[in-house]
Amino acid sequence: MASHRSSPDLKPEQPLLPVALDPGLNHAEAMVFRRHLAAWYLRHARELPWRGVSDAYRTWVSEIMLQQTRVAAVIDHYDRFLRLFPTVVALALAPEADVLAAWSGLGYYRRARMLHKAAQFIVETLNGAIPESSAELRKLPGVGEYTSAAIASIAFGESIAVVDGNVERVLLRVTGRPEEATAAGRAFIQRQAAALVPHKARTPGKNAPGDHNQAMMELGATICLPRAPLCLHCPVFDVCRTRGEHLTPPRAKQRSETVAFLLSTRKKAQGVEVLLEQRDHAASLMAGMYELPPLPLDAVEDREPILRLRHSITNTNYYVEIYAAEGTHDRRLRRAVPASKDVLSWQRVARLHELPLTGLARKVLHRIDVLSVGGLNTPRNIHVAAP
DNA sequence: GAGGCGTGGGC
DNA sequence: TGCCCAAGCCT
């Protein structure tokens, strides 16, 4: 690196960096922040299934599930996933389709594939031991900056800051810095977060860094909310420079679209079956997963759906209509399905929970009571009146 | 570095 | 029924 001193006769082409304007917390503010946050977390931490467990595998699974996913959705899947795959070895040995089936409804299915791959890597090359440092964890597929820091601090007490969407929002509001999607903006947040993390605990049973990181996220998730922050309940109100007001860039626009799917069932000796379509293995979206056969809208113009619901995928709000074809009687609707025969198959409803269903298919089949939660019940009442 | 990848809650 | 997002990662 060259010297930063410039010769006096050299005219600077750009103004000097506005170092004096760096709005980070000073040392005293950081101390107050950390102490108040810790006290608050002790009293207000939610009881969540993955809290208070001392099993790095479980921490890892929970953190992968929590990526861009709401706590409530994770709670719905976490216990069942761990019953099916209680150890990293069990996960590594399972067929990928089983892992996807257990993930059905959580979204971002690549996470499940990468989790599965990482488990196989751990078993085959690391003797089944989950790496204990953030640097080593970072090498696993599906484990990035956030997740490596989260697992290392929560499961192993490493003193490293996690920065997720919650932490970023909290730190932007506390410091008053406007949100900007630039390297400088991210570096600022990273510096602030790092300055707040406690040292690794020496007392056995204590985990100051892990608790602090979870407290930061908990604050963002329950108090420092995106829309209407609950500032009067905030433990760091005293040191907050904005108290809820901060600048954010405009968000991407949303689209809306109407789509239709076919619900076709038949009765066999072994039980009721439903017609499903398997998505292309090369599809970018939900590759290889099963869904109800899509119908062209012009094939259903004169009909009434048995079910309407909303389903959003990334930037698109889908208004979904489900049309029923009973047994083999309704051939016209059945023939309107554009899919080729080799991607269509009849699946026994009693075994649907073993299939990697898309979230929408799962939701529809559940809604009309073909598939109950967990897939344990036998089907009943397939004919449902339109709402 | 931008864009792709799912879903459901809430107003 | 429109819109905003939530404990990110990979390419």
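Have a look at the DSSP beta bridges in region A:256-375 and tell me what percent are antiparallel, nearest 5.
About 65 percent, rounded to the nearest 5.
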Relative to the longest principal axis of the C-alpha atoms of chain A, give the angle of the C-alpha long axis of helix A:208-222, reported between 0 and 90° and rounded to the nearest 10°. 60
Need one number for region A:87-137: average projected area of the convex hull over its C-alpha atoms, nm². 3.7
To the nearest 20 Debye, how big is the dipole of region A:21-239 about its Cα centre, given +1 on the beta carbon of each Lys and Arg and -1 on that of each Asp and Glu? 180
To the nearest 10 Å², what's A:R191's accessible area with a 1.4 Å probe? 120
Over the Cα atoms of region A:175-292, each weighted equally, I'd like the Debye log10 I(q)/I(0) at q = 0.15, 0.16, 0.18, 0.21 Å⁻¹, rounded to two decimals. -0.88, -0.93, -1.06, -1.29
Could you work out [θ]222 nm for chain A from helices alone, using -39500 (n - 2.57) per DSSP H run of at least four and dividing by all its residues? Round to the nearest 500 deg cm²/dmol. -11000 deg cm²/dmol
Kindly express, to the nearest 10 degrees and within the range 0 to 90, the angle between helix A:27-44's C-alpha long axis and the longest C-alpha principal axis of chain A. 40
Treating only Lys and Arg (+1) and Asp and Glu (-1) as charged, each at its beta carbon, one finds that chain A has a dipole about its Cα centre, in Debye to the nearest 20, of 460
Where both partners of a DSSP beta bridge lie in chain A, what percent of those bridges are antiparallel, to the nearest 5? 60
Under 8 Å for C-alpha pairs, at least 6 residues apart: give me the relative contact order for chain A, rounded to a whole percent. 15
Lys pairs in chain A with Cα under 29 Å (8 or more apart in sequence, or on separate chains) total 10
From the protein chains alone at 1.4 Å, what is the descending order of accessible area for A:F261, A:F81, largest first? A:F261, A:F81
Just the number please: accessible area per residue for chain A, 1.4 Å probe, all protein chains included, in Å². 57
Write out the trypsin sites (Lys or Arg not before Pro) in region A:265-336 meeting two conditions: DSSP loop, and at most 10 other Cβ atoms within 10 Å of their Cβ. none
If one compares the long axis through the Cα atoms of helix A:56-66 with the longest principal axis of the Cα atoms of chain A, the angle in degrees, nearest 10, works out at 70
Report Rg(Cα)/(2.2 N^0.38 Å) for region A:300-341, keeping two decimals. 1.40
At q = 0.09, 0.16 Å⁻¹, what is the base-10 log of I(q)/I(0) for region A:21-239 according to the Debye formula with one equal point scatterer per Cα and no solvent? Please give it to two decimals. -0.37, -1.12
Answer rounded, prolate or oblate for region A:256-375, using the Cα gyration tensor with square roots of eigenvalues a ≥ b ≥ c: rounded when a/c is under 1.5, else prolate when a/b is larger than b/c, else oblate. rounded
Which whole-number value in Å³ per residue fits the convex hull of the alpha carbons of chain A? 213
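The values are calculated or read from the model by the stated rules, or taken from the named source; none is laboratory data. Keep in mind that what you see is a predicted model, and the values were worked out from it rather than measured. Cβ atoms come from the backbone with ideal geometry, glycine included; neighbour counts cover every protein chain shown. Protein only, heavy atoms only, side chains kept; ligands, DNA and RNA dropped before computing areas. Shrake-Rupley method; radii C 1.70, N 1.55, O 1.52, S 1.80 Å.
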